[in-house]
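See structure below.
The values are calculated or read from the model by the stated rules, or taken from the named source; none is laboratory data. All figures in this text were calculated on a predicted structure; none of them were measured in a lab. Here the Cβ positions follow ideal geometry from the backbone for every residue, glycine too, while neighbour counts run over all protein chains shown.
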Amino acid sequence: MRTLSYTMSLTQNIGPRTSQITETQVMLPCSRPGHLYCIDVESVNAGIPYADSFSVLTHYCMNNISENETSLIIYSQIKYKKSVWGFVKSVLEKNCWAGLEEYFNSLIKALTVECEEGNGSGGLKRKTRKRRRATGVGAALQTHTSEHISVNHQISPSNLSHNHAINTRSDTNIILSSMLLVAVLCLMVINGLLYYKLWGLEEAAAYTIMDLHVLKNTPKTEEDWINLLQQQESLHNVEMRKWQRVLHTAAQLLRQTEESLTELQMSIHPTATEKMFSVLKPNLKSLNTERRGKSEM
């Protein structure tokens, strides 16, 4: 088993600037040196949104078919550790598969260059075949080359880091863009509702229940007018009592505030109070002298 940890720099405009990637590589017991190598790789990201919700599992199977032919099969799948939203899940899967596809293409190119360098001027024809199998948990890619790849040949971590950097950048950009878009839409809807309510308040007629009643039944006799005036007076008295209660409550709150400030002043340490008064005394003396001068004039 081998563990690789490295930090990738991200180039998106918003969001984190770096991502920590940890890879755990395990060689399976079925591997036979020189004939078969089966390796499981688990890649875990950190420092990006939803990084703790998923990991990428990759299975490498390198089989020696003949003296000059080697089969390399790669299976990959996304393993979810936590439940995520359907929209976020679709975005993660889309970008992960796109990054894996690009990584597989770069791997094919690297193997092709290695084979061409090994062939030299031997004139052997190179045959490369790429096949993608759709499965329930992942996808497979098989590549055959005309040169036997040495068992000591290792893929450099730069290709893997490039793959993970593409995945993290694309995932973070799309997720943050979608979140910002949803937030902007919500703000626009809320602003529209507020403008509509303000427009309704401006256009609405400021009629009370009594005004509507007057419009329905217009007074015709003196007695009706007297009753109407009495009703108006009673409504006026009700409004006055309501405002009196409001003013009384406000006065009580002011008194409570004054009492609280007085208690706070009394609870201050005497030395602090003396210092405060010593600072205020010159200003008070100057004000008193000015008042006396004005009174004498």
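Do the conditions hold for THR257, that is, is it at pLDDT 65 or above, surrounded by 10 or more Cβ atoms within 10 Å (Cβ to Cβ) and within 46 Å of the chain's Cα centre (by Cα)?
Against the criterion (at pLDDT 65 or above, surrounded by 10 or more Cβ atoms within 10 Å (Cβ to Cβ) and within 46 Å of the chain's Cα centre (by Cα)), THR257 qualifies.
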Here are LEU185, LEU181: which of them is at pLDDT 85 or above and surrounded by 10 or more Cβ atoms within 10 Å (Cβ to Cβ)? LEU185
When you look at SER106, is it of a type in the set (Ser, Thr, Tyr) and either within 24 Å of SER177 (Cβ to Cβ) or in a strand (DSSP E or B) (or both), yes or no? no
Check segment 147-157 and report whether any residue there is in a helix (DSSP H, G or I), under 32 Å from the mean Cα position of the chain (by Cα), at pLDDT below 60 and outside the structural domain of ASN45 (by the TED database). yes
Tell me, which residue of segment 71-118 that is touching a Leu at 6+ places or on another chain (Cβ under 6 Å) and among the polar types (S, T, N, Q) is farthest from CYS38 (Cα to Cα)? GLN77
Looking only at segment 205-223, filter to residues that are modelled with pLDDT under 60 and part of a loop (DSSP other than H, G, I, E, B); which one of those is surrounded by the most Cβ atoms within 10 Å (Cβ to Cβ)? TYR207
